[in-house]
1. Kindly indicate whether SER11 is modelled with pLDDT under 95, over 16 Å from the mean Cα position of the chain (by Cα) and under 29 Å from ALA126 (Cβ atoms).
2. Determine whether GLU123 is farther than 22 Å from ARG61 by Cα, in contact (Cβ under 8 Å) with a residue 24 or more places away in the chain and acidic (Asp, Glu).
3. Kindly check whether there is at least one residue in the range 81-101 that is within 23 Å of LEU206 (Cβ to Cβ), in contact with a Ser or Thr (Cβ under 7 Å, 6 or more places away or on another chain) and among the β-branched types (Val, Ile, Thr).
4. Here is a list: LEU176, LEU182. Which entry is more than 14 Å from the chain's Cα centre (by Cα) and touching a residue at least 40 places away in the same chain (Cβ under 8 Å)?
5. Looking at the range 114-133, can you tell me whether even one residue there is within 15 Å of CYS183 (Cα to Cα), buried (at least 18 other Cβ atoms within 10 Å of the Cβ), out of contact with any Lys or Arg (no Cβ under 9 Å at 6 or more places or on another chain) and not polar (S, T, N, Q)?
6. Given the options ALA64, ALA70, ALA89, ALA41, name the one that is among the small types (Gly, Ala, Ser), surrounded by 17 or more Cβ atoms within 10 Å (Cβ to Cβ), more than 11 Å from the chain's Cα centre (by Cα) and under 17 Å from ALA194 (Cβ atoms).
7. Checking GLU48 against (1) in a loop (DSSP other than H, G, I, E, B); (2) buried (at least 17 other Cβ atoms within 10 Å of the Cβ), which single condition isn't satisfied?
8. So LEU182 passes all but one of these: (1) crowded, with 16+ Cβ neighbours inside 10 Å; (2) touching a strand residue (DSSP E or B) at 6+ places or on another chain (Cβ under 6 Å); (3) modelled with pLDDT of 95 or more. Which condition number does it fail?
Amino acid sequence: MVSSSSSSALSSSVLELAPVVPVVVVEDVSDAVPLARALVAGGLPAIEVTLRTPVALDAIRAIADDVPGAVVGAGTVISPAHVADSVAAGARFLVSPGWTDALLDAMKASGVPFLPGVSTTSEVVALLERGVRDMKFFPAQAAGGTAYLKSLAGPLPQARFCPTGGIGPAVAPEYLALPNVLCVGGSWMLPPDAIAARDWTRVETLAREAASLGAP
């Protein structure tokens, strides 16, 4: 069983790979590999594949097997079964929209980095009490946005966040400028019409623009 402190350190290394973690919903498993290659080529190696479709685990497996530059993770992880299935498919990190004790225990025991989701101060304090420093702030815009995260930085500077939910290129730099934000999650570099057209060149271009958002 991996300790919470070592898991936190690992998740930091994943979150520091790029300023943006693409949040990917794969409807057709044949899109998984070329999509991931486009994201990696654009400078976004950490890729969160959400468990929202029947092919999500197959997509994670395909990316893990065929895109060496990708660090593929599973998102929308909401049960211990999701944890086990995701790791078995090759997920190298786990992201949840929220957490329970059972889910947190399973993520800690998985041996891979994890980001439990929070949207309240009490949830943040509870995770810190359990030795977890790195968290997903979700739904970021609806839950208070940058103003909320700024207010947490003073009393809880040890907590670090990947805000996700309603974030686009216009507001992402505002989040990335905060001292308690390691990266942001979003899907704006994956417009539905580009995915439908399998326009991977456009995805790569948008990924490169997203990767540049964290530049000084």
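The values are calculated or read from the model by the stated rules, or taken from the named source; none is laboratory data. This one's a predicted model, so the numbers in the text were calculated from it and none came from an experiment. Virtual Cβ from ideal backbone geometry, glycine too; neighbours counted across all protein chains shown.
1. Taking the combined requirement at face value, the residue does not satisfy it.
2. It is true that GLU123 is farther than 22 Å from ARG61 by Cα, in contact (Cβ under 8 Å) with a residue 24 or more places away in the chain and acidic (Asp, Glu).
3. Scanning the range 81-101 turns up no residue that is within 23 Å of LEU206 (Cβ to Cβ), in contact with a Ser or Thr (Cβ under 7 Å, 6 or more places away or on another chain) and among the β-branched types (Val, Ile, Thr).
4. On inspection, the qualifying residue turns out to be LEU176.
5. Within the range 114-133 (the criterion being within 15 Å of CYS183 (Cα to Cα), buried (at least 18 other Cβ atoms within 10 Å of the Cβ), out of contact with any Lys or Arg (no Cβ under 9 Å at 6 or more places or on another chain) and not polar (S, T, N, Q)), the answer is no, since none of the residues qualifies.
6. On the way: ALA64 fails: under 17 Å from ALA194 (Cβ atoms); ALA70 fails: under 17 Å from ALA194 (Cβ atoms); ALA89 fails: under 17 Å from ALA194 (Cβ atoms).
The unique qualifying residue is ALA41.
7. Just one mismatch for GLU48, condition (1).
8. (3)
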